[in-house]
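In what follows, a structure is listed as structure tokens, so that the remarks can point back to it.
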Amino acid sequence: SGSGLLARDAEPRAGGASYSREAKDEYSKLNLTGKVRLYRDTVVQYGALAPSLGVLQPSSTRLFSQGFEGTQITSKAFDKLTLSAGRLDKVRQRDSTDYQDISIAYASGQYSKTSDGNKFNFAALDYQFSRELSLSYNYGELENVYGQHYVGLKAKVPMGPGNVVADARLFSSRDIG
């Protein structure tokens, strides 16, 4: 209980005492996403999403992964270039069965526990120079809380029986709330 692995009961104990917060015996989740293909290789998705971006990585370290609810558009209409943009309205944590307003993780103490942004907006460009070299740029913004830029460079060079892999990342964040 309380490990982030399983949902916990929120039922009050007998006599109106505080909640037991014990792990539930069973629970499940259902994710639904609508998808529409537009011009060429452009897709719009609405519903349950788990975008993997430099500025946003859903946690998948437990039985159920973290998920988001919102809208995303992705275009691969240009050779070697992928464009993505979207807005996430809600988050469902790994140990929860319901969606809640998006907020920040405040382990560092930088933000108060009431720093809810309500919306996470993002845009991403990924350019594949070759199979061995790619460049990414992302911008993410939790409304009224923070904005973050991300630049990533990935390279793979064949060497001997394997490959040498380089992965360089630069983040720049600012407080906007």
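The values are calculated or read from the model by the stated rules, or taken from the named source; none is laboratory data. Only a predicted model underlies this, so the values are computations on that prediction, with no experimental measurement involved. We place every Cβ from the backbone using ideal geometry, glycine too, and count neighbours over all the protein chains shown. Ligands, DNA and RNA are stripped out before the accessible areas are found, and what is left, the full protein with its side chains, is counted by its heavy atoms. Shrake-Rupley method; radii C 1.70, N 1.55, O 1.52, S 1.80 Å.
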Next item on the list: Would you be able to say whether some residue in region 103-119 is surrounded by 12 or more Cβ atoms within 10 Å (Cβ to Cβ) and at pLDDT 85 or above?
Entry: yes
Note to self: I'd like the full set of residues that are closer than 17 Å to T82 by Cβ and in contact with an Asp or Glu (Cβ under 8 Å, 6 or more places away or on another chain), limited to region 138-171.
What the structure shows: G152, L153, K154
Next item on the list: Test V55 against the stated conditions and say whether it is farther than 19 Å from G140 by Cβ and modelled with pLDDT of 70 or more.
Entry: no
Check: How many of the residues making up region 46-85 are out of contact with any Asp or Glu (no Cβ under 7 Å at 6 or more places or on another chain), among the small types (G, A, S), closer than 14 Å to D126 by Cα and assigned to a strand (DSSP E or B)?
Finding: 2
Next item on the list: Only residues that are modelled with pLDDT of 95 or more, under 16 Å from the mean Cα position of the chain (by Cα) and among the aromatic types (F, W, Y): list them for region 120-133, please.
Entry: F122
Next item on the list: Could you pull out every one of the strands (runs of 3 or more DSSP E) wholly within region 133-177 that has 3 or more residues that are open to solvent by less than 90 Å² (accessible area, probe 1.4 Å) and under 19 Å from G70 (Cβ atoms)?
Entry: 133-142, 146-159
Check: Considering region 70-98 alone, what residues qualify as being surrounded by 15 or more Cβ atoms within 10 Å (Cβ to Cβ) and either modelled with pLDDT under 70 or out of contact with any Gly (no Cβ under 8 Å at 6 or more places or on another chain) (or both)?
Finding: T74, S75, K76, T82, L83, S84, A85, R94, D95, S96
Check: When you scan region 32-69, how many residues do you find that are at positive phi and open to solvent by less than 30 Å² (accessible area, probe 1.4 Å)?
Finding: 1
